[in-house]
Amino acid sequence: MLMGDMIQNLMLIDDDEDDREIFLTIVEDSFPDFSLSIATNGREALQKLQNSSNPPDIIFLDLNMPLMNGRQFMQAIKTDINLQQIPIVILSTSSDNKTRSDMEILGANYFITKPDKYSAWKEMLSDFFLNSPL
Amino acid sequence: MLKSTDYYNFLEGGGELGELVRNYDWSKTSIGTVDQWPLPLRTTVGIILHSGFPMFLWWGDEMIQFYNDAYRPSLGENGKHPGALGQSALECWPEIWQIIYPLISNVKATGESFFLEDQLVPIFRNGAIQDVYWTFSYSAVYDEYGAIAGVLVVCHETTKKVETIERLETTQSALILSESNLKNIIQRAPVAMCILKGPNHIVEIANDRMFILWGKVREQMINKPVFDELLEAREEGFEDLLTKVYQTGETYTRYGAPVTLYRNDEAQLAYIHFVYEAFREGDGEISGVMVVAIDVTKEISARQKLEESENKIRSLVESAPFPIGVYEGIEMRITMLNQAMINVWGKGDDVIGKTYMEVLPELETQKIYSQLEQVFKTGKPFHARNQRVDLVVKGQLEIFFFNYSFTPLYDGFGNVYGVMNTAADVTDLNIAKIKLEQSERNFRQMVLQAPVAMCILLGSDHIVEIANDMMLELWGKSFETVMHLPIFKGLPDARDQGLELLLDRVYNTGDPIIANERPVNLIRNGKWETVYQNFVYEPYRDSTGKILGVLAISVDVTPQVLARLKIEEIVKERTESLERKNDELSQFAYISSHDLQEPARKISTFIDALEMTLGSDIDPKAKTYIKKIDRASARMLTLIRDVLSISQLSSHHEKFELINLNAVLKDVLADYELLIDEKKCIVTINEELPFIRAIPVQMSQLFSNLISNALKFSKQNERVSVTIQHSRLDKSDVKNYKLKPGINYSKIDFIDNGIGFQQENASQIFNIFQRLHGRSDYEGTGIGLAMCKKILENHDGLIFAKSNLNSGSTFTIILPICE
């Protein structure tokens, strides 16, 4: 079964404009059925989520962000009964084991290191949505 | 004088008296000259002179005397002869006139002869009146007219015969007397006596003492063979002895003969002095044996006891390892002396038999003679300890010290007969003691003069026995306030700082305590001060090893400690600031590399995006530029990430865990599987790797870097091989490599057959950004081995490399093993 059939709503939380752009471009190009809501930091994302009647099916979360970083966001969402079950994919340039295991402990479902190439981005996301490991 | 004409036949011969008669001047006598003599006179004188029998004649009224040679000896020498011839009777015999005159008168008056046998007639002869016995007859001699004119005495001296008879009579009366008194004498004798008669030794007489000696009563013994009741004595041969005396008459005497006698209902060994003497009758015939006996059992056994005890003493004396002497009598004659005593005196071996005073005259002034005398007189032993005695040894007066005793020796009767002298030469001990005292004094002097603070604390209360000025200064107390007081009384400010426990421990266990820079708070100069001391508490012992107290030696190191503390504080501050800066630096490295990473990644990403957007219809030059930008950005990313990695190695937040290096290696090899396959590399693992405590990520980083290097710097035309071997590091190498000792280390070699490097570069390669090859030949940032070095530093390990250009390299890592 393709994950794509289930996934309708995505949320990307990232303060990096370029990364947001790359992400958005790839989703629009490759998965036009998906709706993508975007937040530039954890706090904004949390507000959006709490005010939304249609929570996302999956959240892509950057770690290094102003106001509320990925870690703080994780802690917050996992204490919210309505939101805690949303799968979270960490999307970070940090790829060290410690960060990975910390995030897994906090409840992250998957860990993706931001690729260095556009082509790699595309490949990675396509792969993720088509063969979701979740 | 006789004229030849006056010659008369009757006067011829007649021996000495014959001649005397012939030559006698008879004219001066009342009977006148021979020619005037009447015939009866002539006849009688002729008979007398020629008779061999002693004869004597009184003639005439004056009783003129004639006698012959036979009579002559009765007058003795120097007596009446020759004066008696021609003398008148009265003149001649005044001493016996009363005896003879009545006899003569009676013969003259009656004409009757008179005969007496063995009549005592004492006469003067041989210069004295002698008792002379005579058997004699007086008979009348008639003249020619028939008238009695003279008295003829025919006599024979029987003195010898009478004396013999008298002697015989005396003996006999004595015998009678002795027989009658014998019983009394024997009975009253102060010794045991008896007379045994006949060959069977029948008891005829025996006194009570004898019955007591035999242990019998009179009725058992009297008139019976003595040995019938004394069976044991018979067995022991006494009957044979007695029989021999009876037969030979030889007296037999024995002193202290042992004999078994059945007395008081038991057989007793008795010692008897006895004499067996033949008992003879008046005729000299042996009729029995007289026995005189003295029971000396008591004396003998006393003597035996004495001998026994003497022997005991003697063997004791001789075998004793310490000096013993025995001196007897008040003069203290040396009777026993063992070698030890001889040695002590140093007067040679020849001293036994001499007196104590003779041998040891030097002691006269040392009160020892009187001690001996007191013991002998009072029987009270005398003991002296550690007494100085000066003895002359080899002519030299030397000082000795003795423990000695004079003990009275008693004989079997409880009388002191001598003194036993035992002694122990304690000179050496005393000298040792004196030396000890000297060394003790020296020690005290040393304590007082020592250039460090010293004191001696005695007993469980740690009473201050000595303390030198430096110690007093350290305490901040005066001599008077602490001396001879328990230390914590004199120094109350030192209480309750744990010192009591230390002093008690040293005093009780004898184990010394060494303390370094021990702070003690004391009131000095009126205020509390912290004094840092290096001190030693040593047990203070006597010569026997007994702990008397504690010797404390202390050095005030307060200034040094304060200086050091100050330095430490500074160092700490510096270290902290350095650490802070280090942290800042690695934080900076982390953040900067992290932040730098983003734009680099963007460049890489967007170049890629640009290339894709442009598609294939692109100017070849532009394409080349895009490629160059792409490569540069990729390289920049690698660099940034490596710097990030190495900066992360500096942060100490990673946890050490027990890890299996085999698993780590396996994972790393799996990561490089593709490259290994591509290069057709042979990986050999010679020895199982150890378990160690390490930071897992760093170990995997380490192995990863080393494997990747081996693969990277391989020769183009040769099959790549990597060998990993492991061994235990030699102890000697632990020292050589200046590793932390006392820990076991593992040595892991990564051996490749790659291009190698020149050995002179072996240490450079671990420097960050150090590269030996052109970037175009071998990719790399020059950070990998620097990371390895950093990782091993983090793990107290070591990394080094050995190589020759073109002949492979060996990278050796050394890590502490977790056993």
| request: Answer yes or no as to whether B:Leu337 is among the aliphatic types (A, V, I, L, M) and either in contact (Cβ under 8 Å) with a residue 60 or more places away in the chain or more than 18 Å from B:Ala424 (Cβ to Cβ) (or both). | output: no
| task | Examine region B:554-563 for a residue that is open to solvent by less than 80 Å² (accessible area, probe 1.4 Å), of a type in the set (Ser, Thr, Tyr), out of contact with any Ser or Thr (no Cβ under 6 Å at 6 or more places or on another chain) and not in a helix (DSSP H, G or I), and state whether such a residue exists. | result | yes
| request: Being open to solvent by 50 Å² or more (accessible area, probe 1.4 Å) and closer than 15 Å to A:Ala45 by Cβ is the filter here, so list the residues in region A:83-107 that pass it. | output: A:Gln84
| task | Kindly indicate whether B:Gly198 is modelled with pLDDT of 85 or more and open to solvent by less than 60 Å² (accessible area, probe 1.4 Å). | result | yes
| For B:Ser370, are the conditions met, namely being free of Cβ contacts under 8 Å to residues at least 12 places away in the same chain and not aliphatic (A, V, I, L, M)? | yes
| query | So how many residues does region B:115-132 have that are open to solvent by 30 Å² or more (accessible area, probe 1.4 Å) and part of a strand (DSSP E or B)? | reply | 10
| If you take the residues in region A:117-133 that are within 10 Å of another protein chain (Cβ to nearest Cβ) and in contact (Cβ under 8 Å) with a residue 24 or more places away in the chain, which one is least open to solvent (accessible area, probe 1.4 Å)? | A:Trp121
| field | Failed item in (1) in contact (Cβ under 8 Å) with a residue 60 or more places away in the chain; (2) touching a Gly at 6+ places or on another chain (Cβ under 8 Å); (3) not hydroxyl-bearing (Ser, Thr, Tyr), with A:Lys114 passing the rest | value | (2)
| request: Could you pull out the residue among B:Glu760, B:Glu718 that is out of contact with any His (no Cβ under 7 Å at 6 or more places or on another chain), part of a helix (DSSP H, G or I), open to solvent by 60 Å² or more (accessible area, probe 1.4 Å) and without any contact (Cβ under 8 Å) to a residue 60 or more places away in the chain? | output: B:Glu760
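Residue-wise test of (1) in contact with a His (Cβ under 7 Å, 6 or more places away or on another chain); (2) open to solvent by 10 Å² or more (accessible area, probe 1.4 Å).
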site: B:Trp26; (1), (2): no, no
site: B:Ser30; (1), (2): no, yes
site: B:Leu39; (1), (2): no, yes
site: B:Arg42; (1), (2): no, yes
site: B:Met63; (1), (2): no, yes
site: B:Asn68; (1), (2): no, no
site: B:Leu75; (1), (2): yes, no
site: B:Asn78; (1), (2): no, yes
site: B:Ala84; (1), (2): no, no
| If you go through region B:781-809 one residue at a time, how many are among the small types (Gly, Ala, Ser) and more than 16 Å from B:Ile751 (Cβ to Cβ)? | 4
| note | Among (1) closer than 20 Å to B:Ser746 by Cα; (2) surrounded by 14 or more Cβ atoms within 10 Å (Cβ to Cβ); (3) of a type in the set (D, E, K, R), B:Asp642 falls short only on (1)
| remark: Scanning region B:726-764 for residues that are closer than 21 Å to B:Ser704 by Cβ and touching a Pro at 6+ places or on another chain (Cβ under 8 Å) gives B:His726, B:Ser746
| query | How many of the residues in region B:229-265 are among the polar types (S, T, N, Q), open to solvent by 50 Å² or more (accessible area, probe 1.4 Å) and either at pLDDT below 90 or within 17 Å of B:Ile202 (Cβ to Cβ) (or both)? | reply | 4
| Matching residues in region B:266-276 - criterion: being open to solvent by 50 Å² or more (accessible area, probe 1.4 Å) and in contact with a Phe, Trp or Tyr (Cβ under 8 Å, 6 or more places away or on another chain) | B:His273
| message | Return the pair list, or none, for Cβ contacts closer than 9 Å from residues in region B:373-394 that are open to solvent by less than 100 Å² (accessible area, probe 1.4 Å) to residues that are basic (Lys, Arg), at least 6 apart or on different chains. | response | B:Asn386/B:Lys433; B:Leu391/B:Lys347; B:Val392/B:Lys347; B:Val393/B:Lys347
| request: Could you check region A:1-107 for helices (runs of 4 or more DSSP H) lying wholly inside it with 2 or more residues that are within 14 Å of chain B (Cβ to nearest Cβ)? | output: A:17-30, A:97-106
| What strands (runs of 3 or more DSSP E) completely inside region B:450-553 contain at least 2 residues that are open to solvent by 60 Å² or more (accessible area, probe 1.4 Å)? | B:513-524, B:527-541
| query | If you check B:Pro54 against the conditions, is it in contact with a Cys (Cβ under 6 Å, 6 or more places away or on another chain), touching a residue at least 40 places away in the same chain (Cβ under 8 Å) and either surrounded by fewer than 13 Cβ atoms within 10 Å (Cβ to Cβ) or not small (Gly, Ala, Ser) (or both)? | reply | yes
| field | Test: B:Glu112 is under 20 Å from B:Phe136 (Cβ atoms), open to solvent by 60 Å² or more (accessible area, probe 1.4 Å) and outside any helix (DSSP H, G or I) | value | yes
| remark: Turns out the helices (runs of 4 or more DSSP H) fully within region B:595-694 with at least 2 residues that are within 14 Å of another protein chain (Cβ to nearest Cβ) are B:620-650, B:661-671
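The values are calculated or read from the model by the stated rules, or taken from the named source; none is laboratory data. Here the structure is a predicted model, which is why all the values come from computation and not from measurement. All Cβ positions, glycine included, derive from the backbone under ideal geometry; neighbour counts span all protein chains shown. Note: areas computed on protein heavy atoms with side chains; ligands, DNA, RNA excluded. Shrake-Rupley method; radii C 1.70, N 1.55, O 1.52, S 1.80 Å.
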